[in-house]
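The values are calculated or read from the model by the stated rules, or taken from the named source; none is laboratory data. What you see is a predicted model, and the numbers here were worked out from it, not measured in a lab. Please note: Cβ atoms are built from the backbone with ideal geometry, for glycine as well, and neighbour counts cover all protein chains shown. Side chains included, ligands, DNA and RNA excluded: accessible areas come from the protein's heavy atoms. Shrake-Rupley method; radii C 1.70, N 1.55, O 1.52, S 1.80 Å.
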Amino acid sequence: MKSQQHRKNDDEKLSWVSLSLFGAGCTLGTGFFLGTSLAIHWAGISVLILLVLAAAGTYFVFGALAQMTAEDPKEGAFRTYAGEAFGPWAGFGSGWMYWFSEMLIMGSSLTALGLFSQFWFPKFPLWTFVAIYAAIGLFIAALGAKGLTKTENILAVIKLAATVAFIAIAGAACLGWLPVKVTPEQLKNEWFPHGGKGVWTGFIYAFFAFAGIEVMGLMAANLKEPKDAVKSGRVMLLSVSTLYVISIALILLLVPSAQLTPDESPLVKAMSTIGLTVVVHILNGILIIAGFSTMVASLYAITSMLVKLAEDGDAPKLFTKTWGKRTCHFRHCAVQRLD
């Protein structure tokens, strides 16, 4: 009897198109739909340039990781490569730092999901929504890489379609085809409303719009052709960045940046300016989908990282335990075989 091995069938491997869509699902989240309000508030019109720079910086980092994946695809991605390059301390430190930071991000995402849901059901306690979304997220993560990819791809299509629809509606308003409550005289948007400090602060918030791409890096090892990791990241970042810049440009043509607040999506604010109240409810649903999508991706990432840490002796071996005929590892849930 040979030792048990985790095997991935060819149909469980990802195409580069599927990975690009998966990356869009992980990236296009609350960092864009909600967080860009702070970037616009601090940086003004210059946020358009900052988004392009943030996309370029993100591509530089992901491109380096993708090149390593193409040459030597391994689970654990950046954590594994850091350990090989600089020693065990680097793998241990980067792995646990990523785990703790993602835990904090995931907690804030769950809180945001609860707050978005209370927009429709204000009488329900916040912890109820948090518990429901956490349970659903655990179920999806337990389906493994294949189930997670399918879920993220579906949610990515919904979010991309919503963004394109927003661009179409906002564009029609800017062309004068729809009534707008804000007059050109009220649009006092500036390039640098808070000077250099504002640009630097806005630059930091601009990077949040691309948060989640590291999960794409973790999934790159599952590609049918690892060499396609670079192409997959390039297509995803170019598509998402284009949507970001066009959307924010239209928002700046409809909403004074001083009116944007961190507790309201700039897209929702723009729709309110046009007067389409029904779209506000639709966008609230999109916010929930976006937040849930990034939360599930983070959950998958931290469980995958924890398993890898345990396998390398940097975490308790308890986290590598399996039972039954299927592994409890969230990263692949592959069927075990006894030869």
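So the values come out like this:
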{"read-out": "Above-threshold pairs, the threshold being 22 Å between Cα atoms, out of K123/K269; K13/K317; K227/K317; K227/K321; K13/K150", "value": "K123/K269; K13/K317; K227/K317; K227/K321"}
{"read-out": "Solvent-accessible area per residue, Å², over the chain with all protein chains present [probe radius 1.4 Å]", "value": "48 Å²"}
{"read-out": "Per-peptide average of other Cβ atoms within 10 Å, ordering 48-59, 26-37 highest first", "value": "26-37, 48-59"}
{"read-out": "Gain in span if fully extended, T201 to K321, counting 0.36 nm per residue against the direct Cα distance", "value": "38.8 nm"}
{"read-out": "Projected label distance in nm at V278 and T242, using a 7 Å step from Cα toward the beta-carbon", "value": "3.0 nm"}
{"read-out": "Net +/- balance of residues flanking G44 in space, Cβ distance below 13 Å, scoring K and R +1, D and E -1", "value": "+1"}
{"read-out": "Between helix 77-86 and the chain: long-axis angle, C-alpha atoms, 0 to 90°, nearest 10", "value": "70 degrees"}
{"read-out": "Accessible-area composition of the chain, carbon plus sulfur, in percent [1.4 Å probe]", "value": "70 percent"}
{"read-out": "Fully extended contour minus Cα-Cα distance, from H194 to A90, at 0.36 nm per residue", "value": "33.6 nm"}
{"read-out": "Order of exposure, largest accessible area first, which applies to W120, W96, W191 with probe 1.4 Å", "value": "W191, W120, W96"}
